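Notes for the one structure printed next.
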Amino acid sequence: MISKVLPAIIFAAFVVAAAVVLCVYAPFATAQTSGSPDAPKTQLDYEFFKTRVEPIFLKKRSEDHARCYVCHQVSRHGGGPLSLELLSPGASFWTEEQSRHNFEVVSKLVVPGDPSLSLFLRMPLAPEAGGLADTHQGGRQFASEDDPDWKNMKAWVLGQKAESSSPQ
Amino acid sequence: MLFAAVPLAAATARIYVTNRGGTTIDVIDPATNKVVEVIKGIESPEVVRFSPDASRLYIASRSVDVLDVVDRKSGKHIKKVPLSGWANDAAVTGDGKLILICIRNTGTEATDAGALDIIDAKSLEKVKSIPVKRGLHDVALTGDGKYAAAGSPGGQFITVFDLQSMEIAWEVQYDQGVLPLIIESNPDGSGHRIFAELNRTNGFSVVDFATHKEVDRIKFPDEPKGFGPGCEGISHGIGIAPDNKTLWANSRPANSVFVYSLPDLKLLGHVSLPETPVPGKAPRGGGPAWITFTPDSKTVYVSTCGTKSVSAIDVNTMKELTRIPVGEMPDRISTLVLP
C-alpha cells in the first residue's frame, strides 16, 4: 500500500527544500527546454503569461479557495520557488517590470512543452486528477484538467502565444 | 464573515479547524463528531483561539495582517486589531488577559523577520511587539501563564518570552527549523519541558525549562515508513493531553501519530492516519498537521491536510473512531471549552 518510489523522491527533494519550508518535487525538475536535442524547442510566451496566466494568481476563482497570491506573494512564501512580486500599495496588478520578474520565476517551474513534468501545473492540481495538490499548502486549486484556468496555464506551458506577441 | 446555520448540540466543547487552502473554518461537535458550523469568508485562515469565557473568537489569517475579534454566538465582528505582519499561531493566557500572536513576517522580503505581538484582551490594543530575528510559527504557554515559547522555522530557534516583563527570557538555537511545540508544566504551573518538532527530524526535541538546554532528541520508530515528508516538515503536530498523561506527535514519513507516556516518555504505540488515494498509483501520506484534544482527554483530533479530513482517535484504545471531512487544507485545530 505504500509507494516506494515517489515518497523517496519526495523525501530527497524535501531535504533540499526544507530550508525554505516548502515542498519541491524532484521528478518535476525545472528546465527551459524539452525533448531531444534535434526537436524544436518550445518557447514560453511572455505576453500570453501576462495576459492569460498572471491574472489567475490574483483571481478569486471560487468561494472555497484562497487566491494564489495570498500565499505566493514573496513576503508570505519564505523564499519558495513560486514567490510572486509584492503588489504596490493600492495596485491591482503588477508593473511591467514585476510581471517580467514573475515570468522568470514561474518559468523555472515549467518544462516547456511538457505539462506532465511541469511542477507549476501538477502542484495545484487535485491528486484525483493526477496532481500533487494534496501536498500543496494551497490545496486542490484545480479539481481537474478541464478547469478553464488550468487549461490556460497548460496552453502557456505548451508554448501558445498571445495574439499581440511578436513572431519568434 | 458568514456563520452557517447550526443546530446547537448539548456538548461541552467544540473543535475548530482552519482550512488554510480555503476560506472557511469548520466547527466540530465532539459529541457527534460532525461539523455543526462553518464559518465562511476568511481567506486562508491560520488559527482560531478563544476567550476563556468562550464569548469571543480570535481569528488570524494569511490574507490580512489583523486579528479578527468576533462574538462567537452572533458572529458579529467586534474589532480588527492591526498586527505587525503576517500572523501564524496564537495563544490566550489562562486568565484571558493577553492574546499572543506569532508574526511570521513583519516585512516585505522573502527572508522573514519575526515578532511576538501581545494584545490586551480588554482594550483590544496591541500593547507590545517583541521583535525576533526570524519569523515565528507556533507558540505555547506554561500552565501558570508566566512564559510563552515560540519556534522559528527560518531562524532555527525557540524563544522563550517572559510575559510579566514582556521581554525575551532565553533562547535555544537549533541546527534546523522549529515547527509545532508544546510545554509540559509542573503541578504548580511552572514550565518543566518544551517538546518541539524540527523540520528535518522524524521525532522531537526535549528542552529542559530550568537549564534552558536541549536535553534529548526523541526519534520516532523506524516503522511504519515510506510516506515521504508531506509539506513543510517531516514531523508536524504535537500535543499533550489535558490530563498530562500522554504526549502525541505526528510523523509524516510514518503517516502516523506516535503516543508517549508522560512524564517518562515511554513509547505506547502509534495510530496510522488517513492516506491520500492517487488513481493508478499507491496512496501518499495524508500530511498530518496539528493536534488537539477534548477537555476530558478521551479523544484526540488530528488534522490531515492532504485528505481534507480530521481524524477523531480514542486516546485509551489508540484507534481511529471516525474521519470527519472538512475544508481545503485543514491546518491548525483547537478546542473551545464551553462554559
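The values are calculated or read from the model by the stated rules, or taken from the named source; none is laboratory data. Just so you know, these numbers come straight off a predicted model, no measurement behind them. Don't worry about glycine lacking a Cβ; one is built from the backbone with ideal geometry, like all the others, and counts go over all protein chains shown. Accessible surface areas use protein heavy atoms only, side chains included; no ligands, DNA or RNA. Shrake-Rupley method; radii C 1.70, N 1.55, O 1.52, S 1.80 Å.
Quick notes on this structure:
- Considering (1) surrounded by 15 or more Cβ atoms within 10 Å (Cβ to Cβ); (2) more than 16 Å from the chain's Cα centre (by Cα); (3) without any contact (Cβ under 8 Å) to a residue 60 or more places away in the chain, the lone condition that B:Leu98 does not fulfil carries the number (3).
- B:Asp95 touching a Ser or Thr at 6+ places or on another chain (Cβ under 9 Å) and farther than 15 Å from B:Glu46 by Cα: no
- No other residue among A:Gly130, A:Gly113 is open to solvent by 20 Å² or more (accessible area, probe 1.4 Å), without any contact (Cβ under 8 Å) to a residue 60 or more places away in the chain and of a type in the set (Gly, Ala, Ser) apart from A:Gly130.
- When the strands (runs of 3 or more DSSP E) confined to the range B:1-119 are screened for residues that are of a type in the set (Gly, Ala, Ser), those reaching at least 1 such residues are found at B:13-19, B:56-61, B:86-92.
- Set A:Lys151, A:Lys59: member being open to solvent by 40 Å² or more (accessible area, probe 1.4 Å), touching a residue at least 24 places away in the same chain (Cβ under 8 Å) and either within 12 Å of another protein chain (Cβ to nearest Cβ) or basic (Lys, Arg) (or both): A:Lys59
- Condition met for B:Ile99 (under 24 Å from B:Asp144 (Cβ atoms) and of a type in the set (Val, Ile, Thr)): yes
- The condition (being within 14 Å of another protein chain (Cβ to nearest Cβ), among the hydroxyl-bearing types (Ser, Thr, Tyr) and open to solvent by less than 10 Å² (accessible area, probe 1.4 Å)) is satisfied by just one residue among B:Thr106, B:Thr18, B:Thr111: B:Thr18.
- Qualifying residue in the range B:254-271 (condition: touching a helix residue (DSSP H, G or I) at 6+ places or on another chain (Cβ under 9 Å), within 14 Å of chain A (Cβ to nearest Cβ), farther than 19 Å from B:Thr322 by Cα and not charged (D, E, K, R)): no
- Taken together, the residues in the range B:185-201 that are among the acidic types (Asp, Glu) and buried (at least 21 other Cβ atoms within 10 Å of the Cβ) amount to 1.
- The range B:202-231, subset more than 14 Å from every other protein chain (Cβ to nearest Cβ) and assigned to a loop (DSSP other than H, G, I, E, B), residue least open to solvent (accessible area, probe 1.4 Å): B:Phe220
- Filtering the range B:238-246 for residues that are away from chain A (no Cβ under 14 Å), basic (Lys, Arg) and within 25 Å of B:Gly154 (Cα to Cα) leaves an empty set.
- B:Pro277, sole failed condition from (1) within 19 Å of the chain's Cα centre (by Cα); (2) in a strand (DSSP E or B): (1)
- Single match in B:Ser303, B:Ser261, B:Ser272, B:Ser334 (criterion: surrounded by fewer than 19 Cβ atoms within 10 Å (Cβ to Cβ), under 30 Å from B:Gly96 (Cα atoms) and at pLDDT 95 or above): B:Ser261
- Taken together, the criteria exclude A:Gly138 from residues that are buried (at least 18 other Cβ atoms within 10 Å of the Cβ), at positive phi and not hydroxyl-bearing (Ser, Thr, Tyr).
- Selection of the range A:62-88 for residues being more than 19 Å from B:Ser61 (Cα to Cα) and free of Cβ contacts under 8 Å to residues at least 12 places away in the same chain yields only A:Ser88.
- Qualifying residue in the range A:125-141 (condition: more than 14 Å from chain B (Cβ to nearest Cβ) and not charged (D, E, K, R)): no
- Every test in (1) in contact with a strand residue (DSSP E or B) (Cβ under 8 Å, 6 or more places away or on another chain); (2) within 22 Å of B:Leu338 (Cα to Cα) is passed by B:Asp112 save one, and that test is (2).
- Residue in the range A:64-80 that is of a type in the set (Lys, Arg), within 13 Å of chain B (Cβ to nearest Cβ) and more than 28 Å from B:Pro288 (Cβ to Cβ) present: no
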